[in-house]
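The values are calculated or read from the model by the stated rules, or taken from the named source; none is laboratory data. Note that this is a predicted model, so its numbers are computed, not measured. Cβ placement follows ideal geometry from the backbone for every residue including glycine, while neighbour counts extend to all protein chains displayed.
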Amino acid sequence: MTITILGIETSCDETAAAVVADGRVVHSNVIASQIELHRAHGGVVPELAARGQVTAIIPVVNAALARAGVCREDLDAIAVTQGPGLAGSLLVGVNAAKALAFGLRKPLVTVNHLAAHVYANWLSIPGVAEVEPPALPAVCLLVSGGHTELLVLEEDGIQRVLGRTLDDAAGEAFDKGARLLGLGYPGGPAIQKAAAGGNPAAVALPRAWLGESDDFSFSGVKTALLRTVEPYRVPETAPPGPSASPFPEHRPPRFHDDMPTGDLAASFEMAVVEVLAVKTARAACRCGARSVLIAGGVAANLILRRRLVEEVAVVFGGDSPPVRWPHLSLCTDNAAMVAGLGAVLYNHGEVAAWDADAFPRFPLGSAQLGSRRSMP
Ligand code: KG4
Ligand code: ZN
């Protein structure tokens, strides 16, 4: 019998709803982005994000059900992101999911956003990206705007965190690097685009290897980029125009024309990506991984994907495991990953109580839903 789950994701500035069958097959995946709302501020403004969630949530849920051709009564459960994320944004999704589940007399399932990102590697989109479940044990690099974690998923499905960032997340490093280069928001795609015309070996930027550790650090490379662009900066003399932000740090910097933006973007991108790729490949070899996975928004980065494939081939020699990443629509925040992992939890009887709270801090590996369960 098919299990049909509606997933809801509102942890940050995307309002998303999706319908997934049997924890694997994506029937609809609707995402309303607030990028334009936050662009003027150079980053996400939590209060604006929460208010944007309130207006978008019901239309997005309705669209997800309509696109899947599913009526509310056909659903087996409602799954929702419980954290980590922005408190105000999370509360909108949790409350909407509770109201729906309560009204329909269906179970509510709460999901860890980070575990859901990892789970995106298990999802198939019919006719677009049909995949088999990854072989276990797997090593997964989870790289998003708020988190950078290296995990091993054991054969029995237990997830263990091998290492994490000691300061900035990889996506955060891209966002801050893009701001330093005046490339705008969100930074990851902007850096990737600017880097396409640049030479990644042009500017020497530091890599934080941290010995044999599986942890990461990106504050050094960010500071080095800041120092490198400083001589090209045009000092702000004239008062800002009427449409400019009143906060100087929110106004895009201006640079002299001779700044090699493409080379700087490419060198910065490679400095971040190389450490991620080498450490992930090394951990995969040590753990005897049968697949190597990337998850989270930064998994959209083409250079990260390419470098990881290269590094895995180098450390494993001839017999290297496949390197996989979710379809682009499932890398950045989405609700299909929430509905998918929600099905796994539902099948294990992990149904939430009506007093379920939102958890702005919700580390992976804490003894909570979605962090320890096996993948199907
Ligand atoms: O997973 P996600 O959508 O949201 C969080 O849970 O944080 O990740 C968003 C992050 C942002 O920092 C964004 O700059 C980064 O993913 N990102 C990228 C790319 N696309 C999105 N970073 C590098 N290259 C990309 N192509
Ligand atoms: Zn995310």
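Some values worked out for this structure:
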read-out	value
Subset of the stretch 16-32 [more than 13 Å from ligand 2 (Cβ to nearest atom) and part of a strand (DSSP E or B)]	ALA17, ALA18, VAL19, VAL20, ALA21, VAL25, VAL26, HIS27, SER28, ASN29, VAL30, ALA32
Residue list for the stretch 152-195, filter: part of a loop (DSSP other than H, G, I, E, B) and either touching a Gly at 6+ places or on another chain (Cβ under 7 Å) or farther than 28 Å from ARG282 by Cβ (or both)	ALA169, LEU181, GLY182, LEU183, GLY184, TYR185, PRO186
The stretch 124-151, residues that are touching a Gly at 6+ places or on another chain (Cβ under 9 Å) and either under 29 Å from ALA265 (Cα atoms) or free of Cβ contacts under 8 Å to residues at least 60 places away in the same chain (or both)	LEU141, LEU142, VAL143, SER144, GLY145, GLY146, HIS147, THR148, GLU149, LEU150, LEU151
So ALA66, is it more than 25 Å from PHE359 (Cβ to Cβ), more than 17 Å from the chain's Cα centre (by Cα), surrounded by fewer than 18 Cβ atoms within 10 Å (Cβ to Cβ) and modelled with pLDDT of 95 or more	yes
Within the stretch 316-337, tally of residues that are touching a strand residue (DSSP E or B) at 6+ places or on another chain (Cβ under 6 Å), part of a loop (DSSP other than H, G, I, E, B) and away from ligand 1 (no atom under 16 Å from the Cβ)	2
Test: residue in the stretch 206-217 that is part of a strand (DSSP E or B), away from ligand 2 (no atom under 16 Å from the Cβ) and either within 25 Å of GLU14 (Cβ to Cβ) or free of Cβ contacts under 8 Å to residues at least 24 places away in the same chain (or both)	yes
Residue that is in contact (Cβ under 8 Å) with a residue 12 or more places away in the chain, aliphatic (A, V, I, L, M), within 14 Å of ligand 1 (Cβ to nearest atom) and surrounded by fewer than 18 Cβ atoms within 10 Å (Cβ to Cβ), where the choices are ALA201, ALA196, ALA190, ALA169	ALA196
Filtered residues of the stretch 122-142 (kept if among the aliphatic types (A, V, I, L, M), surrounded by 15 or more Cβ atoms within 10 Å (Cβ to Cβ) and under 23 Å from LEU276 (Cα atoms))	LEU136, ALA138, VAL139, LEU141, LEU142
Complete set of residues in the stretch 284-310 that are within 16 Å of ligand 2 (Cβ to nearest atom), closer than 18 Å to PRO134 by Cβ and not in a helix (DSSP H, G or I)	LEU293, ILE294, ALA295, GLY296
Residue identified as closer than 30 Å to ARG164 by Cβ and either more than 16 Å from ligand 1 (Cβ to nearest atom) or touching a Lys or Arg at 6+ places or on another chain (Cβ under 8 Å) (or both) among LEU65, LEU91, LEU114, LEU75	LEU91
Options GLU154, GLU149: the member that is assigned by TED's automatic domain parsing to the domain that holds LEU205, within 16 Å of ligand 2 (Cβ to nearest atom) and not polar (S, T, N, Q)	GLU149
Enumerated strands (runs of 3 or more DSSP E) restricted to the stretch 75-150, each holding at least 3 residues that are more than 22 Å from the chain's Cα centre (by Cα) and not β-branched (Val, Ile, Thr)	none
